[in-house]
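Note sheet for the following structure.
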Amino acid sequence: MTLSSAEPGRMRHLALPGVLTERQARDTVAGIRAVQRPDGAIPWFRGHHLDPWDHVEAAMALDAAGEHAAAASAYAWLAAHQNDDGSWYASYQDGPDGQRPLDLHRESNFCAYPAVGVWHHYLVTGDDAFLDAMWPVVRAAVDWVLALRAPGGQIGWKREADGTPVHDALLTGCSSVYHALRCALALAAERDEPHPEWELAAGALGHAIHAHPERFLDKSRYSMDWYYPVLGGALTGADAKSRIEEGWNTFVVPGLGVRCVVPNPWVTGGESCELALALWAMGESGRALDILGSIRHLRHDDGMYWTGYVYEGEPAVWPAERTTWTAASLLLAVAALGGHEATTAVFGGGRLPRGVEPDCPCPQAR
């Protein structure tokens, strides 16, 4: 596989003062391409596993960088490995036995997320043949996910290897599913194929995230549960602002990034970049830029980023890995701040369908 040889200027929108130069962006994109296998799969790093969610995140970063053929190859891998029921397994082996699943659980947010990537790729390329090929993939995946829907609108976490549903719902995962359902509805509109059941499901899920925290497992120690309702688009405006302010001092470590989980003294690149993307979506580009600038210490000379950094005791990068999805989250946040049209459309969400919200007399709790 040939690595990117992008001419100067092609990645100008990925240059962000204090965060990334255009040359550094090219190095980061080349780092992701170096990990991508000839069959299109993008594992965390060579020798590690692949999971469908992070695979899609890396594909979107490639599209944001203009590497459309590489991104299309990643989506072709997804299409080739989709199970007959519309799902994907939770992880797959890297290496010579790269077709073999490692974890036979099937997670709802993992299976929903390809809709986000497919919509992003279509917005970037306008490739109707790609949409024709991937629409049945997205449709089957969304139907599989919605089979885990609970009466309250929340989506169960996963199915066990034997197919047993796990009805417990995760706020982070459901916020990601909500985003994916909205992208799936945008794809359906592009295809002129109405899916009223998807509209009802998206509206009910968004309402559950916005108004019914009791329907989700309590994972409030994790920063993702803090910002994902904003990143996924369920909380906007004053509600988003209030939620971010409430958790800011708990999760943000000035000059270092965002904690993954409290009370652990560990900041992570992926969570930091996702928070920056959520801040950008709220209209707070200044704070987003500050967060992205704070994780420059995670950048390696090869253009990739360490997963995280332990800042107390004996400070050290941990774990000793540089993941494609960490690099991808950085590129997507920078692309949004740089005004990349498809990325802003997908993560800004202003023109994504919101579905049909249920009539509910309940108070609008955050």
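Just the residues that are of a type in the set (A, V, I, L, M, F, W, C) and surrounded by 24 or more Cβ atoms within 10 Å (Cβ to Cβ), please, taken from the range 42-69. I'd like the intermediate steps shown before the answer.
Our first condition is that a residue be of a type in the set (A, V, I, L, M, F, W, C); within the range 42-69, this holds for 42, 44-45, 50, 53, 56, 58-62, 64-65, 69.
If the condition is that a residue be of a type in the set (A, V, I, L, M, F, W, C) and surrounded by 24 or more Cβ atoms within 10 Å (Cβ to Cβ), then Ile42, Leu50, Val56, Ala58, Ala59, Met60, Ala61, Leu62, Ala64, Ala65 are the ones that fit.
Working only within the range 203-229, note down all residues that are part of a helix (DSSP H, G or I) and in contact with an Asp or Glu (Cβ under 9 Å, 6 or more places away or on another chain).
Residues of the range 203-229 part of a helix (DSSP H, G or I): 203-211, 213-215, 223-229.
Residues satisfying the conditions are Gly203, Ala204, Gly206, His207, His210, Ser223, Met224, Asp225, Trp226, Tyr227, Tyr228, Pro229.
The residues of the range 233-255 that are part of a loop (DSSP other than H, G, I, E, B) and either buried (at least 18 other Cβ atoms within 10 Å of the Cβ) or of a type in the set (Gly, Ala, Ser) (or both), listed by number, are Gly233, Ala234, Leu235, Gly255.
Here is a yes/no grid of residues against (1) modelled with pLDDT of 95 or more; (2) under 28 Å from His340 (Cβ atoms); (3) touching a Phe, Trp or Tyr at 6+ places or on another chain (Cβ under 9 Å); (4) of a type in the set (A, V, I, L, M, F, W, C):
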position	(1), (2), (3), (4)
Val56	yes, yes, yes, yes
Leu62	yes, yes, no, yes
Glu67	yes, yes, no, no
Ala79	yes, yes, no, yes
Trp88	yes, yes, yes, yes
Tyr92	yes, no, no, no
Gln99	no, no, yes, no
Met134	yes, yes, yes, yes
Arg139	yes, yes, no, no
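Residues that are within 25 Å of Leu148 (Cβ to Cβ) and touching a Gly at 6+ places or on another chain (Cβ under 6 Å), at least 3 per element: which helices (runs of 4 or more DSSP H) completely within the range 48-135 meet that? Reasoning before the result, please.
Numbers: elements: 52-64, 68-81, 108-112, 114-125.
Answer list for the range 48-135: 52-64.
Exactly one residue out of Gly303, Gly308, Gly283 is surrounded by 24 or more Cβ atoms within 10 Å (Cβ to Cβ) and either closer than 26 Å to Ser220 by Cβ or not acidic (Asp, Glu) (or both), and it is Gly308.
Could you check, for the range 160-178, whether at least one of its residues is assigned to a helix (DSSP H, G or I), over 16 Å from Leu217 (Cα atoms) and of a type outside the set (Lys, Arg)? Write out each step before concluding.
Taking the range 160-178 first, the residues assigned to a helix (DSSP H, G or I) are 171-178.
Then drop every residue that is not over 16 Å from Leu217 (Cα atoms), which leaves 178.
From the residues that got through so far, the ones that are of a type outside the set (Lys, Arg) too are 178.
Looking through the range 160-178, at least one residue is assigned to a helix (DSSP H, G or I), over 16 Å from Leu217 (Cα atoms) and of a type outside the set (Lys, Arg).
Kindly indicate whether Val267 is surrounded by fewer than 16 Cβ atoms within 10 Å (Cβ to Cβ) and in contact with a Lys or Arg (Cβ under 7 Å, 6 or more places away or on another chain). No; evaluated as a whole, the condition is false for this residue.
The values are calculated or read from the model by the stated rules, or taken from the named source; none is laboratory data. All figures in this text were calculated on a predicted structure; none of them were measured in a lab. Cβ atoms come from the backbone with ideal geometry, glycine included; neighbour counts cover every protein chain shown.
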